[in-house]
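Working notes, beginning with the structure itself.
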Amino acid sequence: MTAPPGTPAVIGFEHVSKVYRGGRVALDDVTFSLPPGGRLGLVGESGSGKTTCVRLALGLERPSSGRLTFRSDPYPRGRRGLRPLRRQVGFVLQDPYDSLDPRMRLGEIVAEPLRSAGRAVPGRAPGEVAGLVAGQLAAVGLPGADLRAHPSRYSGGGRQRIAIARALIGSPAVLICDEPTSSLDVSVQSQIVNLLLEASRERGLALLFVSHDLDLIGRITETVAVMYRGRVVEAGPAQLVRSAPRHPYTRALHDAVPASHPRERRLARPSAGGAAAGGALAGGASRSGCVFAGRCPRATPRCHSERPPTVREQSPEGPRTYDCFHPISS
Ligand SMILES: Nc1ncnc2c1ncn2[C@@H]1O[C@H](COP(=O)(O)OP(=O)(O)OP(=O)(O)O)[C@@H](O)[C@H]1O
Ligand code: SF4
Ligand SMILES: [Mg+2]
């Protein structure tokens with residue numbers, strides 16, 4: 001379910017940049033929007049700025065410049081200001097072993113958003129909260145779970161189900177998932193993906209899904225923003241961008257050998273016409289020219305000295321943008 005055209009984005013990034021101490025540019029003029037009930041993927045190799053977008057969208061950090069909006073309003077500031085936003089935004093992060101406090105019990109972990117939203121516990125009978133938690137755990141495939149158990153009793157997939165239950169219990173409007181399957185066994189990855197898709201479709205929940213895997217994004221989200229070194233280099237309908245990329249980096253990502261863990265990620269050594277292989281930050285990028293010029297097989301001298309403009313293109317599947325002087329034609 002996506003919102004009718006003209007509905008304000010639930011989360012909007014407008015020309016957002018983030019520069020960390022020491023001058024490291026994590027995001028450079030990033031613009032995208034997530035419509036209510038829509039599904040947007042952020043894809044890119046290690047260090048491209050995906051998690052930085054997530055941290056900004058969760059209000060954990062502030063942009064160095066540009067504007068973030070939540071339902072058209074500027075992002076709130078401070079703990080109190082962020083409270084209403086936190087009620088509306090659930091999240092599932094990469095490593096369920098890190099994201100669940102091992103000292104807490106299942107019942108406390110899943111009920112946490114209700115507590116921090118000030119919505120439950122004082123006003124509700126303990127039995128009522130326990131019922132909500134048990135119902136939510138059943139909805140994510142853990143019926144009859146012992147609410148007094150610690151997360152250590154569960155495998156990675158089970159822990160990620162617990163994290164999803166926690167994210168959904170407050171009925172948020174948005175679910176942000178930062179590589180939620182990349183630390184899981186292949187056998188459980190698709191179960192978790194299906195669970196997230198089901199939750200998004202059934203609840204009309206907007207989904208911001210981060211991955212390094214373009215194929216996976218093509219299965220999950222309607223639109224995609226491809227990131228490279230802090231910039232969105234191509235964006236548009238996910239299937240179109242995956243199957244007929246315009247930007248040489250998108251093609252290189254498409255040809256990449258899938259690797260589940262960030263430490264193992266490399267672009268594949270392509271056959272004809274692909275990008276040169278390299279580690280996540282290998283190859284020289286020039287901030288005055290195209291960010292991909294150091295690795296691009298199509299680069300010309302102009303690419304090293306001028307930043308390519310954002311080209312807008314209309315296709316039957318929807319609008320697409322890309323930053324390239326010499327795009328791949330289909
Ligand atoms: N707190 C920080 N201080 C300084 N630099 C940072 C900080 N957090 C991230 N960075 C840098 O910002 C860039 C983007 O990092 P980010 O974690 O957003 O990438 P990512 O796309 O999520 O990568 P991965 O696929 O490895 O998770 C990287 O170069 C990273 O080293
Ligand atoms: S602008 Fe030039 S260097 Fe950049 S992606 Fe396009 S062809 Fe490659
Ligand atoms: Mg990350």
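Here, each number is a calculation from the coordinates, and none is a lab measurement. This one's a predicted model, so the numbers in the text were calculated from it and none came from an experiment. Virtual Cβ from ideal backbone geometry, glycine too; neighbours counted across all protein chains shown.
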Quiz item: In which sequence would Ser72, Ser64 go, from the one with the fewest C-beta neighbours within 10 Å to the one with the most?
Solution: Ser72, Ser64
Quiz item: Taking only Cα atoms, what is the 0 to 90° angle, nearest 10, from helix 156-168's long axis to the longest principal axis of the chain?
Solution: 80
Quiz item: To the nearest 0.05, what FRET efficiency results for Arg79 and Arg103 with a Förster distance of 22 Å applied to their C-beta separation?
Solution: 0.45
Quiz item: Based on DSSP, what percent of beta bridges with both residues in the chain are antiparallel, to the nearest 5?
Solution: 60
Practice problem: Give me Thr300, Thr223 ranked fewest to most by other Cβ atoms within 10 Å of their Cβ, as a rough exposure proxy. | Solution: Thr300, Thr223
Quiz item: What is the helix-to-structure angle for 186-203, meaning the angle in degrees between its Cα long axis and the longest Cα principal axis of the chain, kept from 0 to 90 and rounded to the nearest 10?
Solution: 80
Exercise. List the pair-distance distribution P(r) of the chain, using every Cα-Cα distance, as the percent of pairs falling in each 10 Å bin from 0 up to the bin containing the longest distance, rounded to whole percents.
Key: 6, 25, 33, 23, 10, 3, 0
Practice problem: May I ask you to derive the relative contact order of the chain, considering only C-alpha pairs under 8 Å and at least 6 residues apart, and to give it as an integer percent? | Solution: 19
Quiz item: Looking at region 5-43, which trypsin sites (Lys or Arg not before Pro) are DSSP coil and have at most 11 other C-beta atoms within 10 Å of their C-beta?
Solution: Arg21, Arg24
Quiz item: Over the alpha carbons of region 169-249, what is the largest minus smallest coordinate on each principal axis, giving the biggest first in Å?
Solution: 40, 29, 22
Self-check item: Whole-number D in µm²/s for region 22-128 (Stokes-Einstein; Kirkwood sum over Cα pairs; 10 °C, 1.306 mPa s)
Solution: 97
Quiz item: Using r as the Cβ-Cβ distance of Asp146 and Val188, and R0 as 30 Å, what FRET efficiency do you calculate, to the nearest 0.05?
Solution: 0.90
